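For reference, the structure discussed in these notes is given below.
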Amino acid sequence: MKVAIDGPAGSGKSTVAKAIAKRCGLTLLDTGAMYRSVALTCINRGVALDDEAAVADVARSITISFEPAEPVQRVLIDGTDVTEAIRTPEVDRNVSAVAAIPAVREALVEQQRAIGNAGDVVAEGRDIGTVVFPDAEVKVFLTADPAARALRRAVQRDGGDAAVDAKATADEKEVATIMADLIRRDEADSSRKAAPLKPAEDAVHIDSSNKTVNEVVDLIVSLMEEAR
């Protein structure tokens, strides 16, 4: 079975997908981490992000892999752990530009489909149900209001998880800065020509603003049971 979870940054896709993978024994495919890995490699190598050919070469040249771990799955580039390095503000600011390059998406979608065809997966990103796995048995478009998403991202940077801890707080100035960046990324991701952020026609819409992780997971698991 393939479970596709799409939605904007900070909507809780990663947390929900991880919980579903653990509960249901599915492979977790974090596509966003793959685009972040390309962005990080370009930054580290001094590759200009507006040089589409050079960025695409980076995407084709690196091997991105995942390793199960607690509390978070580890992300590796050519065997080097970059789990924390791909979550920096600098990568946040540049990942949308990388993801908008058609040749980059082509290279990574090929890897994503290979993983999905190897077994049952839950994949999260921005074009899973529309491009990567249009044949997924379950498709979800997960959203949340910008303020909730910004708080979650700020808490995540401090090592917490606002989707789990309802009392989690963060610096108000940082939250405001992150919210402005998220809104900018929403516009960039939704308006790009290559696989723009949008729900699949048959996706189920879930707003996670006022729902716990378990509530969202329960909803998606029920959809999986109906699809079997």
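Output the residues belonging to region 122-158 that are in contact with a strand residue (DSSP E or B) (Cβ under 6 Å, 6 or more places away or on another chain) and of a type in the set (A, V, I, L, M).
Passing the criteria: V122, A123, I128, A136, V138, V140, L142.
Report yes if some residue within region 4-17 is without any contact (Cβ under 8 Å) to a residue 60 or more places away in the chain and not polar (S, T, N, Q); otherwise report no.
no
A147: more than 27 Å from A200 (Cβ to Cβ) and either assigned to a helix (DSSP H, G or I) or in contact with a Gly (Cβ under 6 Å, 6 or more places away or on another chain) (or both), yes or no?
No; evaluated as a whole, the condition is false for this residue.
Within region 185-218, how many residues are under 22 Å from T130 (Cβ atoms) and without any contact (Cβ under 8 Å) to a residue 60 or more places away in the chain?
Going through region 185-218 one residue at a time, the tally reaches 4.
Take region 184-209 and flag every residue that is within 21 Å of T15 (Cβ to Cβ), open to solvent by 20 Å² or more (accessible area, probe 1.4 Å) and out of contact with any Asp or Glu (no Cβ under 9 Å at 6 or more places or on another chain).
Selection gives D186, V204, H205.
Can you tell me which residues in region 39-48 are under 21 Å from the mean Cα position of the chain (by Cα) and open to solvent by less than 40 Å² (accessible area, probe 1.4 Å)?
Selection gives A39, L40, T41, C42.
Restrict the check to region 51-61 and report whether at least one residue is hydroxyl-bearing (S, T, Y) and touching a Leu at 6+ places or on another chain (Cβ under 9 Å).
Checked against the condition, which is being hydroxyl-bearing (S, T, Y) and touching a Leu at 6+ places or on another chain (Cβ under 9 Å), region 51-61 yields no hits at all.
Which pairs have Cβ atoms under 7 Å, sit 6 or more apart or on different chains, and link a residue in region 98-109 that is within 18 Å of R185 (Cβ to Cβ) and in contact (Cβ under 8 Å) with a residue 40 or more places away in the chain to one that is charged (D, E, K, R) and in a helix (DSSP H, G or I)?
Cβ pairs passing all conditions: A99/R105; I101/E52.
Among (1) surrounded by fewer than 16 Cβ atoms within 10 Å (Cβ to Cβ); (2) within 20 Å of G10 (Cβ to Cβ); (3) without any contact (Cβ under 8 Å) to a residue 40 or more places away in the chain, where does R74 come up short?
Result: R74 passes all but (2).
Before we move on, is A118 closer than 24 Å to V38 by Cα, open to solvent by 20 Å² or more (accessible area, probe 1.4 Å), modelled with pLDDT under 90 and not polar (S, T, N, Q)?
Values: closer than 24 Å to V38 by Cα: yes; open to solvent by 20 Å² or more (accessible area, probe 1.4 Å): yes; modelled with pLDDT under 90: yes; not polar (S, T, N, Q): yes.
Yes: the conditions hold for A118.
So for region 84-91 (the condition being more than 27 Å from G46 (Cβ to Cβ) and in contact with a Lys or Arg (Cβ under 7 Å, 6 or more places away or on another chain)), does at least one residue qualify? Step through it out loud before you land on a result.
Going residue by residue through region 84-91, those that are more than 27 Å from G46 (Cβ to Cβ) are none.
No, the conditions are met nowhere in region 84-91.
Taking region 77-100 as the search range and keeping residues that are among the β-branched types (V, I, T) and surrounded by fewer than 16 Cβ atoms within 10 Å (Cβ to Cβ), which one is farthest from the chain's Cα centre (by Cα)?
In this case the residue turns out to be T80.
In the set T130, T41, which member is at pLDDT 95 or above and not charged (D, E, K, R)?
Exactly one residue qualifies, and that residue is T41.
Any chance region 180-195 includes a residue that's of a type in the set (A, V, I, L, M), over 17 Å from the mean Cα position of the chain (by Cα), at negative phi and assigned to a helix (DSSP H, G or I)? So that I can check it myself, show each step before the final result.
Of all residues in region 180-195, those of a type in the set (A, V, I, L, M) come to 180, 182-183, 188, 194-195.
Cutting the leftovers down to over 17 Å from the mean Cα position of the chain (by Cα) gives us 180.
Going one step further and asking which of them are at negative phi, we end up with 180.
Those still in the list that are assigned to a helix (DSSP H, G or I) too: 180.
Yes, region 180-195 has at least one match.
If you check every pair at least six apart or on different chains, which have Cβ atoms under 7 Å apart with a residue in region 33-52 that is of a type in the set (D, E) first and a residue that is modelled with pLDDT of 95 or more and open to solvent by 50 Å² or more (accessible area, probe 1.4 Å) second?
Sorted first by the residue in region 33-52, then by its partner, the list stays empty.
Please go through region 101-112 and give me each residue that is open to solvent by 30 Å² or more (accessible area, probe 1.4 Å) and either aromatic (F, W, Y) or under 15 Å from A54 (Cβ atoms) (or both), ordered by number.
Within region 101-112, P102, A103 meet the criteria.
The values are calculated or read from the model by the stated rules, or taken from the named source; none is laboratory data. These figures come from a predicted structure and were not determined experimentally. All Cβ positions, glycine included, derive from the backbone under ideal geometry; neighbour counts span all protein chains shown. The accessibility values were calculated without ligands, DNA or RNA, using every heavy atom of the protein model including side chains. Shrake-Rupley method; radii C 1.70, N 1.55, O 1.52, S 1.80 Å.
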